[in-house]
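Note sheet for the following structure.
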Amino acid sequence: MVLVSAARDYVNRMLQDISGMKVLILDSQTVSIVSVVYSQSELLQKEVFLVELVDSISKSKESMSHLKAVYFLRPTLENIQHLRRQLANPRFGESHLFFSNMLKDTQIHILADSDEQEVVQQVQEYYADFVAIDPYHFTLNIPSNHMYMLPAVVDPPGLQQFCDRIVDGISTVFLALKRRPVIRYQRTSDIAKRIAQETSKLMYQQESGLFDFRRTEISPLLLIVDRRDDPVTPLLNQWTYQAMVHELIGIHDNKVDLSSTGKLPKDQQEVVLSSEQDAFFKANMYENFGDIGMSIKRMVDDFQQVAKSNQNIQTIEDMAKFVDSYPEYRKMHGNVSKHVTLVTEMSKIVGERRLMLISEREQDLACNGGQVAAFEAVTNLLNNESVSDIDRLHLVMLYALRYEKESPVQLMQLFNKLASQSPKYKPGLVQFLLKQAGVDKRTGDLYGNRDLLNIARNMARGLKGVENVYTQHQPLLFQTMESIIKGRLRDVDYPFVGNHFQQGRPQDVVIFIVGGTTYEESRSVALQNASNSGTRFILGGSVVLNSKRFLKDLEEAQRIAKYSTNVV
C-alpha cells in the first residue's frame, strides 16, 4: 500500500481542510498523479465539483467567485507563468496552491508579487511527483523516453530535462517515505551514473536539510539501472493478466481504451484497471491467462445468481431490498462486463496473431540454449505467412540478443529475410538494438550463462522441467533482487555514489529503471514482497513499457543518432 497510500494521503490533506465547493486545477502530469489514487466519486465526496487543467483555465474569463480553487501543480516555469496570469486576474474566491515538488525562492517571489488581490490562502509543497500505479510500482510518464538511448556525443538539450524529471520523481518518493538512501548505479550505463550523481547531490548537498530524517540503523538503498541491461523482458509476449492487457491492448494511468475494439456502449469504451478499486483485478492481476478464464467464469456464475434473486420481487420488502442493493448490483454488472470484454478481446488477438505458437519460441529464445534449433525455429516462423510483421521483428531481435557472438553469418541471413518479408521493417533497427544493448554493453547475467551460480540454477530448472512453458521467463530484475537480499550485489558492477557504503541488508530498496519498467517486473516485485524476505522492494521507471513502446523509443533514438552522425 506504500506509494498509493502516500499519494492518497497528500490529496486527502489538500482537500479535506478546505470547506465548501471547490475546483481542482491540475496540469498534464498531476492529472495522472491524482487520477490513479483518487476516483471521481471520491473527489465529489470532498466537494470537488469541477476538475480543470491549468492551461485551459487560463483561456476562460468567466468569474466563479463562489468556488475555491485548489491548485496541484508541478513547480515548472510554464505552470508558474500560468499562475502569475491567473492570480493577476483572479476568477475564484480563494486560491490554495499546492506543488508536487520543491519550489525555488524566485518562484515564491513571483507568486507573491502576482497576488495583489490577496486571494492566495496558502502555499504548500506536497511531495507526490510520481504516478503510483500500484502499491510498489511507480512511473513518471516521461514523453521523451528515447533520450536514455542516445549516445554521449549526441547531448541534445532535452537530455538534461529528462534527467531532471527523473531526479525530481525519485527525490519525492524518498520524501514521501521520509528516508534518505545510499545510492548505487549500474557501472556500464552513463545515464544511470549521471542520474545517481545528480540525485546524490540534491539529497546530500543542495537540500540536505530537507532529507535529514531520523536515521535508521541501515539506510534504504536506491539502485539506478538501465533498461538496456535487460532488453529481453519488454520484447516478450505476456501471459499474466495485467501484463497481457498492457501488451495486447495498452494501459495508461490504470485505464484501458477499448474504443477501437468494436461496438461497445459509451460507458465501457474506457475502463479502469486498478488494484485499489477492483477486488477481482487485485486478486487476479498476476494470474496466468488460463486461470483468469476460470476465475471470470466463477464471477459470471455469481453474478447470475444475484441477477436471478433480483428477478424474484414479490413484496414491498423485496422491492426495498432491491433498491438498497441496486448500486452494488450495477457495480457488479459493470465489473463483470469489463473483465469479460477484456478477456474476449485478448483471446481474439491471441488467435489472430497465433501468439501461443510464437510465444513458445520467444520463451525458448529467452530461457533455453541451443542455437541450431533456435535458428531453424525462427526461420520457419519468418516463412510462415500467418505471422505478423511485428512478431517477426520480435523473434529476430530475441535471437540476435542471445546469439550475436555465436552465429554472425546466420544472423545476417535472418536480417535479410526480415527485410525482404516485412516491408515496414526499418533497416538497421536490430543492429541498432545490439549496439545499444548487446552483450558488450550489459552488466547483469541476462541469460544465466556467465555466473556459476546461475548456470547451476538453470541446469536444475532444466532437469526439473517448467510448470508453464509460456511464463518460464524471469526478468533480470529477479536476480538483482535476490543478489540484494543475499548481500551479493557486487560493488564493482554497481558502485556506490560518494563515500557511502551499506552495512547489513537494507530493509527498503527502490530500484529505478531508466528507460522504463514492465508489468512482468512489477509482478516479480509484488511476489518478492509477498515472500516476507525482510526486504521491501519498490520499482520505478521513466515509463511503463510494452513491446510497442520499447520499439517506438528504439526507432526514435536510431533516427536521432543517424541524423546527428550525418550532421557531424
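Computed quantities for the displayed model
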| read-out | value |
| --- | --- |
| Structure-derived mean projected area of the Cα convex hull in nm²: which label, when the choices are (1) 36.7; (2) 31.1; (3) 25.6 | (2) |
| Cβ charges +1 (Lys, Arg) and -1 (Asp, Glu), total dipole of region 1-118, debye | 200 |
| Residues with amide H under 5 Å from that of ILE538, placed H, sequence gap 5 or more | VAL509, VAL510, ILE511 |
| Residue-level accessible surface for ASP291, protein heavy atoms, 1.4 Å, Å² | 70 |
| Residue-span extension gain [SER533 to GLN472] - 0.36 nm each, minus C-alpha spacing | 19.7 nm |
| Whole-percent carbon and sulfur share, accessible surface of the chain, 1.4 Å | 51 |
| Length gained when the stretch GLU385-HIS333 is fully extended (0.36 nm per residue, less Cα-Cα span) | 14.6 nm |
| Accessible area (Å², 1.4 Å probe, nearest 10) - PHE98 | 0 |
| Per-residue ³J(HN,Hα) for region 405-410, Karplus 6.51 cos²θ - 1.76 cosθ + 1.60, θ = phi - 60°, Hz, x for Gly and Pro | 8, 7, 9, x, 5, 5 |
| Inter-label distance for VAL340 and SER60, nm, one decimal - labels placed 7 Å from Cα along Cα-to-Cβ | 3.9 |
| The chain, helix-only ellipticity at 222 nm - DSSP H runs n ≥ 4, -39,500 (n - 2.57), divided by all residues, nearest 500 | -16000 deg cm²/dmol |
| In region 164-221, chymotrypsin sites (Phe, Trp or Tyr not before Pro) in a DSSP loop with at most 16 other beta-carbon atoms within 10 Å | PHE213 |
| R0 of 60 Å, Cβ-Cβ distance GLN503-ASP302: FRET efficiency to nearest 0.05 | 0.70 |
| Label point 7 Å beyond Cα of ASP257 along Cβ direction - residues of region 537-555 with amide nitrogen under 18 Å | 543-553 |
| Computed FRET value (nearest 0.05) for VAL51 with HIS109, which takes r as the C-beta separation and R₀ as 30 Å | 0.55 |
| Area accessible to solvent at MET64, 1.4 Å probe radius, in Å² | 30 |
| Distance (nanometres) between label positions extended 7 Å along Cα→Cβ at MET294 and ALA419 | 4.9 |
| GLN117-GLN268 pseudo-label distance in nm [points 7 Å out on the Cα-to-Cβ vector] | 4.8 |
| Region 74-118: trypsin sites (Lys or Arg not before Pro) in DSSP loop, at most 12 other beta carbons within 10 Å | LYS104 |
| R0 of 25 Å, Cβ-Cβ distance LYS405-LYS426: FRET efficiency to nearest 0.05 | 0.55 |
| DSSP beta bridge pairing in the chain, given as percent antiparallel to the nearest 5 | 20 |
| Cβ-placed point charges (K, R +1; D, E -1), dipole of the chain about Cα centre in debye, nearest 20 | 1040 |
| Loop-located GluC sites (Glu not before Pro) in region 83-153, at most 16 other Cβ atoms within 10 Å (DSSP) | GLU116, GLU118 |
| Accessible area in square angstrom per residue, the chain, 1.4 angstrom probe | 47 |
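The values are calculated or read from the model by the stated rules, or taken from the named source; none is laboratory data. Owing to the predicted nature of the structure, the values given are computational and were not obtained by experimental measurement. Note: ideal-geometry Cβ built from the backbone for every residue, glycine included; neighbour counts use all protein chains shown. Remember, those area values only see protein heavy atoms, side chains included, never the ligands or the DNA or RNA. Shrake-Rupley method; radii C 1.70, N 1.55, O 1.52, S 1.80 Å.
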